[in-house]
Amino acid sequence: KAGVTQTPRYLIKTRGQQVTLSCSPISGHRSVSWYQQTPGQGLQFLFEYFSETQRNKGNFPGRFSGRQFSNSRSEMNVSTLELGDSALYLCASSLWGTNEKLFFGSGTQLSVL
Amino acid sequence: SQQGEEDPQALSIQEGENATMNCSYKTSINNLQWYRQNSGRGLVHLILIRSNEREKHSGRLRVTLDTSKKSSSLLITASRAADTASYFCATDGTGANNLFFGTGTRLTVIP
């Protein structure tokens with residue numbers, strides 16, 4: 001089975017722009033969750049989707065949004081980028097949710113200049 | 001914040017020695033997981049221990065859980081240079097589909 005695929009691997013944007021990150025989960029996995037990792041704040045939960053529905057959302061501003069498609073692929077969008085949004089964005093998939101083993105992608109490294 | 005804390009923040013040992021990392025968390029949990037992250041890469045799942053379990057083994061890994069103290073420990077025995085990585089604990093928080101990660105322990109194994 002192919003692993004979790006995240007694209008792109010690296011991204012450079014400027015303040016005020018918006019960005020869309022993509023995540024393809026392991027085949028058969030219906031839960032996709034997203035995390036932001038920064039040196040200062042560590043790993044923080046963004047949101048979790050299951051069967052196209054957002055089941056939970058972390059404590060992030062509304063500029064951070066996501067969606068999940070019928071094939072379980074997920075995208076997250078960040079609008080009006082700020083310097084502080086520079087981070088490694090990780091997605092993870094599992095069969096049912098975050099209370100079981102998660103399989104992580106390699107992440108998208110976003111740099112906001 | 002429900003984020004856990006790990007201790008120590010960094011650990012440096014010689015190959016062949018054992019490494020112990022500790023994790024403390026704040027709220028009731030259904031289970032606790034440990035993950036490893038090599039520099040700048042995604043996380044790899046190591047082990048999951050449920051709230052009604054006290055100890056679990058997987059190869060060279062041993063995890064303990066003390067729910068009364070809200071703490072867990074990860075022991076890596078006979079460490080290898082390839083074990084060099086950051087290690088994170090993660091708790092689920094009862095009744096919610098989210099995961100809270102600890103601050104991580106950076107382990108360096110010197111050949």
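The values are calculated or read from the model by the stated rules, or taken from the named source; none is laboratory data. Just so we're clear, the structure is a prediction, and the values are computed from it rather than from any experiment. Here the Cβ is made from the backbone with ideal geometry for all residues, glycine too, and neighbour counts use every protein chain on show. Heads up: the accessible areas ignore ligands, DNA and RNA and are worked out on the full protein's heavy atoms, side chains in. Shrake-Rupley method; radii C 1.70, N 1.55, O 1.52, S 1.80 Å.
Key figures
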read-out	value
Whole-number D in µm²/s for region B:20-111 (Stokes-Einstein; Kirkwood sum over Cα pairs; 37 °C, 0.692 mPa s)	244 µm²/s
Neighbour cut-off at most 15 other Cβ (10 Å), DSSP loop, chymotrypsin sites (Phe, Trp or Tyr not before Pro), region A:3-76	A:Phe69
Exercise: per-residue mean of other protein chain Cβ atoms within 10 Å, A:36-43	4
Quotient of C-alpha Rg and 2.2 N^0.38 Å, computed over the protein assembly as shown	1.01
Values of log10 I(q)/I(0), in the order q = 0.24, 0.25 Å⁻¹, for region A:48-89 under a Debye, Cα-only, solvent-free model	-0.89, -0.94
Inter-chain shielding of A:99-111 (mean C-beta neighbours from other protein chains, 10 Å cut-off)	5
Peptide B:34-47, shielding by other chains (average Cβ, 10 Å cutoff)	4
Accessible area buried at the B-A interface, both sides summed, 1.4 Å probe (Å², nearest 100)	1600 Å²
Alpha carbon convex hull of chain A, volume per residue in cubic angstrom	92 Å³
Sequence of A:Arg9, B:Arg80 when ordered by accessible area, the most exposed leading, probe 1.4 angstrom	B:Arg80, A:Arg9
Region A:20-82: C-alpha gyration tensor shape, a/c 1.5 cut-off, then a/b vs b/c	prolate
Area of B:Glu53 that stays accessible when all protein chains are in place (1.4 Å probe, Å², to 10)	60 Å²
Apportionment of accessible area to carbon and sulfur, the protein assembly as shown, percent (1.4 Å)	46 percent
